[in-house]
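Worksheet: the structure to be examined is printed underneath.
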Amino acid sequence: MSDLDQPPVGAPVDPSGLGPEVRQPWLERYDVAAKAGGLVAPVLTALLAFAVGGLVVLITTGKNPLATYRAIFEGAGFNWFLPWVQGTERQAAAFNMQQTLIITTTLVLTGLAVAFAFRCGLFNIGGQGQYITGAIFAVWIGSSFEGLNPFIHVVFAAVAGALCGALWAGIAGILKATVGAHEVISTIMLNWIAIWIGVFLFGLGGPLQNDRQEFVPVSNDIVEGAKLPVFWGDPVFQGLHIGFFVAIAGLIIYWLILSRTTLGYGVKAVGFNPEAARYGGINVPRNYFLAMAISGAFAGVAGAMDILGWQFRLGQDTVQQATIAFVGIAVALLGRNTAIGVALAALLFGGLLTGTSTRNLDPEIFRPELASNLTLLIQGLVVLFVGADVIVLWLMSRVRRRKPA
Amino acid sequence: MTDAAPTVLEMRHITKRFPGTVANDDVSFDLRKGEVHALLGENGAGKSTLMNILYGLYHPDEGEIRIADKQVQLGSPSAAIEAGVGMVHQHFMLIPVMTVAENIVLGDEPRHADVFLDIGEANERVREISDRFGLAVDPKARIEDITVGQQQRVEILKALYRNADILVLDEPTAVLTPQESGELFGIVRGLTEQGKSIIFISHKLNEVTEIADRITVLRRGKMIDTIPAAGATEESLATLMVGREVTLRVDKNPSNPTDTLLEVRDLHVFDDRGIEKVRGISLDIRAGEIVGLAGIDGNGQTELIDAMTGLRRAASGTVTVSGEDVTTASAHGHFEAGLGHIPEDRQRRGLVLEFSIAENFALHDYQRTPDSRFGWLFPARLIERGARLIKEYDVRGGGPHTRAGGLSGGNQQKVVLAREIDRDPQALIAAQPTRGLDVGAIEFVHRRLVEERDEGRAILLVSLELDEVLSLSDRILVIYEGEIVGEFTPDATEEELGVAMTGGGRGEEAA
């Protein structure tokens, strides 16, 4: 569906193919619904994705989708919120919740990266590359400078990660601002450059490859002092690290920049209407660059948090297989580029990823090796339905119209 | 027209509701054979809704339609065409690469053996209709090669080819030059002489009094009155349309110009395709005068304004705002130097429609105190100014938090006007400041521009509406193919300006 102006299938088709005036009532209603649907539409979108995902489960495996979703719910530790869950069950739930929140932390930051660029009218598809460059610098700084004050060490590594991400995305921003190169193309290319830099650095004989394990393509572990403190759960068993608060701070910063600073005003003006921004005296290319750089900083911090918080090392395979930044696109889309929306969408996807990981799913209920594909399926459906939210809104308007009749 | 002419169309007690609004509230309308019946009303008065009902695009909630004394159900445009209704929309529905005849017969083609398009027959039939009604269109010409005025005639032909007896013309002159409008009126008279009946939708009072036999005025979905055009004055119609007394004539004292505030010297500007659109223009606009720039669209006005406001780099020449050379300054630099700019397209350029009214007021100044300090924005101050300007400029339809895109065109323009004037500029460029506005809003904008002139601002008014240029300006310049080809006083006639606008006065003009 490329032309969103077209009414979806089944809508009253305008037989004369007439201009905007004739289509207006429908579009007007869409406009109203889009505003009223600030919360309703994303929730419906998610529910619709889960429903279709459930159908796929039912048809392809014959398993009960509700039981599957319940298992995912518990695997993600969401039952920790239920007060009647007690004893060992509660401990397990707490552990699962910690894992969910660790992933949520990353998703909030990569989601914000995509969302910030969106607000400037840019599609930053290069969160992955920015995440990787951030992780590379975090692992390099984290595994060097042994004996440095832990606070300084952590801040240094995190800031370096942010700056690297900003720089990486900034390249695409500069290209967009100066020669008009489309950011989708340039960020995809930068993703591959980042991946191959990582492969080179951590590959056998690479400059950052492990000193002691000569035949393992992985970095050195970061030193103890560079690890983020764990504030919930056992540090040995991957408890929740304080990067969680960095993500919350990221949400607040995101909101503050966009609604309380001149920078945010300029970014939004350019995003909504670059021609009006230019007329108004706003430097449009500069805002393209800044929006990309800030976007990249969020993704870079995400990479640094993963390294400093729970991965502690970066392997060649991780660099090649990391897809967490792409989930950030779905998070931003479902969260409608608002801080609160990104937070909730990140929690949803964090729970899905944790709940469907092989470790957390009972094979009796659903085959674990299929489960992560279910996550991908739902993720894809969300992106599809968000892109086609016209359909969701149209369904909403149909339901509303039927009621009085 | 005599009252004896039979009634060909009757729309009785039509009511059409949309969520939250009644677009047509018990509207009755009738059309007699061979008359021009004008449908007059401000934007949003319900003219288009009524005509879309007639054309089968909407279904009325209440009321009936009778054509030739028979009640009809117009469920679709094809049913309307079947019933003899033809419509010429403001935006043409033509395929540019196809010929006139191909466009006209499309969907109802003469065929050989029921299969192959008989293009010879098509050309013949189009030529025959064209000659009968004096439309003078070459059936074999391609749409992309003919003028807008001719394209409009193709649309009329399309309806006639389908045997329309009732023709709806939706704001037909909006896209035409004054000369083309004159020709259109000739065609309309020819059509009525041959028994066709015309519904003429417009919000331009002078046209309506010129062409119509009867006039029906709509206001906010209600039918106000149907009156004979004979005896109706522009003032009386405006009062019916707006619902209160409207001054159409701009009352102003003679100008008293002093220092030159806006100066352009030998400016040359190229467009995006590298064509020289401004070819050595020099202007002096002094404090306390309105200089009107008249011209047909596309003669370099846009490029001239862009170069004067920092949105496009001039190839050579200078632009000076109250003594400061701003030729190479950014758009921001121009605003800082004391220039205000009401852009010709308020939706594309003048406003960020997704922003609130208050945010739109801050477009030029958000980086300065009191809007912000050290990059920190103070939304409360934006709201405060928003509330003040909304009151001062009588912006209706919302408060400071309302999205600018939710306002009507006239109120959007008030927002732009308020923003530009409130910055207290030395010089003001107003490009098409009343385009698409209705009478009440036009009156407001005109009054405000004259007030600003009297405050001592230098105002350049660029407009495609000749009567606007004539009534507001203290001096009139005519632009033709990127050059100033004549200077006139406001007592010049439209004909004199029209000749200069089409290059006719070139060379012989003694400036």
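Every read-out reported here was derived from the displayed coordinates using simple, explicitly stated rules and does not represent laboratory data. Nothing here was measured: the structure is a model prediction, and the numbers come from that model. Cβ atoms come from the backbone with ideal geometry, glycine included; neighbour counts cover every protein chain shown.
Given chain B, report the % of alpha carbon pairs whose separation exceeds 36 Å.
40 percent
For the protein assembly as shown, give me the percentage of DSSP beta bridges that are antiparallel, rounded to the nearest 5 percent.
In the protein assembly as shown, DSSP labels about 60 percent of beta bridges as antiparallel.
Rounded to the nearest 0.05, what FRET efficiency do A:ARG212 and B:THR226 have when you use their Cβ-Cβ distance and R0 = 56 Å?
E between A:ARG212 and B:THR226, to the nearest 0.05, is 0.05.
How do A:MET305, B:MET308, A:MET97 line up, fewest other C-beta atoms within 10 Å first?
Ascending Cβ contact count within 10 Å gives the list A:MET97, B:MET308, A:MET305.
No solvent, one uniform scatterer per C-alpha: report log10 I(q)/I(0) for the protein assembly as shown via the Debye equation at q = 0.07 1/Å, two decimals.
-0.74
Could you work out how far apart the two model spin labels at B:GLU496 and B:GLU392 are, taking each label as a point 7 Å from the Cα in the direction of the beta carbon, and quote it in nm?
Distance between label points: 3.8 nm.
Please give the Cα centre distance for region A:109-123 versus region A:195-243, rounded to the nearest Å.
Taking the Cα centre of each part, region A:109-123 and region A:195-243 sit 28 Å apart.
Separation between the B:ALA141 and A:ILE188 pseudo-spin-labels, each 7 Å from Cα along Cα→Cβ, expressed in nm?
4.6 nm
Just name one of B:ALA122, B:ILE285, B:ILE421: the one whose Cα is farthest towards the positive end of the charge dipole of chain B (beta-carbon charges, Lys/Arg +1, Asp/Glu -1).
B:ILE421
Taking each residue in B:333-340, count the Cβ atoms of any other chain within 10 Å of its Cβ, then average. What number comes out?
1
How much space per residue, in cubic angstrom, does the convex hull of the C-alpha atoms of chain A take up?
183 Å³
When DSSP assigns beta bridges and you keep just the ones with both residues in chain B, what percent turn out antiparallel, to the nearest 5?
Looking only at bridges with both residues in chain B, the antiparallel portion is about 55 percent.
Can you give me the C-alpha center-to-center distance between region A:291-362 and region A:152-167, rounded to a whole angstrom?
Answer, in whole Å: 17.
What 222 nm value per residue comes from the helices of the protein assembly as shown, counting each DSSP H run with n ≥ 4 as -39,500 (n - 2.57) and dividing by all residues, nearest 500 deg cm²/dmol?
Helix contribution divided over all residues of the protein assembly as shown: -15500 deg cm²/dmol.
How many nm is it between the label spots at A:ILE340 and B:ASP422, if each spot is 7 Å from the Cα in line with the beta carbon?
In this crude label model, A:ILE340 to B:ASP422 measures out at 2.8 nm.
I need the calculated FRET efficiency for the pair A:ILE59 and A:LEU376, taking r as the beta carbon distance and R₀ as 30 Å, to the nearest 0.05.
After rounding, the FRET efficiency stands at 0.95.
Just rank B:PHE374, B:PHE335, B:PHE116, fewest to most, by other beta-carbon atoms within 10 angstrom.
Ascending number of Cβ neighbours within 10 Å: B:PHE374, B:PHE116, B:PHE335.
When every alpha-carbon pair in region B:348-424 is counted, what percent end up more than 15 Å apart?
48 percent
If I take the Cα coordinates of region B:7-242 and project them onto the principal axes, what are the three extents in Å, biggest first?
So the extents along the principal axes, rounded to whole Å, are 52, 38, 31.
Considering region A:192-311, what Rg and Dmax in Å follow from its alpha-carbon atoms?
Calculated on Cα positions, Rg and Dmax stand at 20.0, 60 Å.
Around B:ASP225, what is the net charge, scoring Lys/Arg as +1 and Asp/Glu as -1 over all other residues with Cβ under 11 Å from its Cβ?
Value of the local net charge: +3.
So which of B:LYS47/B:LYS414; B:LYS16/B:LYS70; B:LYS70/B:LYS204; A:LYS268/B:LYS414; B:LYS70/B:LYS158; B:LYS204/B:LYS252 end up more than 29 Å apart by C-alpha?
Among B:LYS47/B:LYS414; B:LYS16/B:LYS70; B:LYS70/B:LYS204; A:LYS268/B:LYS414; B:LYS70/B:LYS158; B:LYS204/B:LYS252, the Cα-Cα distance tops 29 Å for B:LYS70/B:LYS204.
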